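Colleague: Mind having a look at this structure? Questions to follow.
The values are calculated or read from the model by the stated rules, or taken from the named source; none is laboratory data. Since the model is a prediction, treat every value here as computed from it, not as a measurement. Here the Cβ positions follow ideal geometry from the backbone for every residue, glycine too, while neighbour counts run over all protein chains shown.
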């Protein structure tokens, strides 16, 4: 049984769905962040599968940039989480309205 | 052999993802995320993206997850989350139904046309994944010629994000902090999420 690129894209779709469901269901901000990372990894896997399918290295360049942007996003997002949770240690995602004003 | 690698790595990825979304302790969830990231790195290698697999392990598993663990340890929020509580009534079943429906849609779109090729475009003539040079040198040539603007822009983005993180997470100097706390002592917080004046 030949493993085609379609299998990789299907696996990436399942991983993306699991990340999306996790993001909707969990309330701890850090775990919600980890679910966003799951979704980004699913997208990276899709890019790499299509780069292999179309024999195009541009897909891998796109993954490179997605990883850079994800790293920058995690840095800023965690800084925000630290700033919020330092004042209100039991805050959940519902309490991010603390940033208001 | 390909099948074996795909099945094993795919299982690691899915089990790790299930761990992230169901485990209640944030540190356990972070370790599950590491398992998923390693599985994805193995899948990258099997699709001829060796450099990306190395970057995935170094940057994602080695830096981003470590940052998560720093924050968890720094703030001491390894308190377990009560995952039985639902914020909005019916949110969990709705999320499950919505997620499965979206997955079903994408699978139908992918598989309805036949399992052979999912893409309709032509194979690339301008940037083929050739075997004449190593993956990293081909990718480097591409990044520095065609995508050099995006490359420099992401360098600026990283610098900006570091500055932003330092600004957001710093502790104010003591005198400013005392002033701020004094001004705020008029606000009393009854429970998380409510500030009552």
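Okay, residues lined up against (1) away from every other protein chain (no Cβ under 11 Å); (2) at pLDDT below 90:
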{"site": "B:151", "(1), (2)": "no, no"}
{"site": "B:168", "(1), (2)": "no, yes"}
{"site": "B:177", "(1), (2)": "yes, yes"}
{"site": "B:180", "(1), (2)": "no, yes"}
{"site": "B:184", "(1), (2)": "no, yes"}
{"site": "B:191", "(1), (2)": "no, yes"}
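Residue-by-condition table, conditions (1) more than 7 Å from chain B (Cβ to nearest Cβ); (2) farther than 30 Å from residue B:137 by Cα:
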| site | (1), (2) |
| --- | --- |
| A:12 | yes, no |
| A:34 | no, yes |
| A:39 | yes, no |
| A:47 | yes, no |
| A:53 | no, no |
| A:60 | no, no |
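Colleague: Also, quick follow-up: Quick one: would you say residue B:24 is surrounded by fewer than 16 Cβ atoms within 10 Å (Cβ to Cβ) and more than 7 Å from chain A (Cβ to nearest Cβ)?
Modeller: yes
Colleague: When you go through (1) more than 27 Å from residue A:74 (Cα to Cα); (2) exposed (fewer than 13 other Cβ atoms within 10 Å of the Cβ); (3) at pLDDT 65 or above one by one for residue B:76, which number turns out not to apply?
Modeller: So the condition that residue B:76 fails would be (1).
Colleague: Still on this structure: Could we say that residue B:64 is within 22 Å of residue A:70 (Cα to Cα), assigned to a helix (DSSP H, G or I) and either within 7 Å of chain A (Cβ to nearest Cβ) or modelled with pLDDT under 90 (or both) here?
Modeller: So residue B:64 passes the test.
Colleague: What's the total number of residues in the range A:2-22 that are assigned to a helix (DSSP H, G or I) and more than 13 Å from residue B:19 (Cα to Cα)?
Modeller: 13
Colleague: From the set of residues in the range A:69-91 that are more than 17 Å from residue B:70 (Cα to Cα) and surrounded by fewer than 19 Cβ atoms within 10 Å (Cβ to Cβ), which is modelled with the highest pLDDT?
Modeller: Filtering first and then ranking leaves A:69.
Colleague: Another question, if that's okay. More than 7 Å from chain B (Cβ to nearest Cβ) and assigned to a helix (DSSP H, G or I): does that describe residue A:66?
Modeller: Judged against the criteria, residue A:66 is a match.
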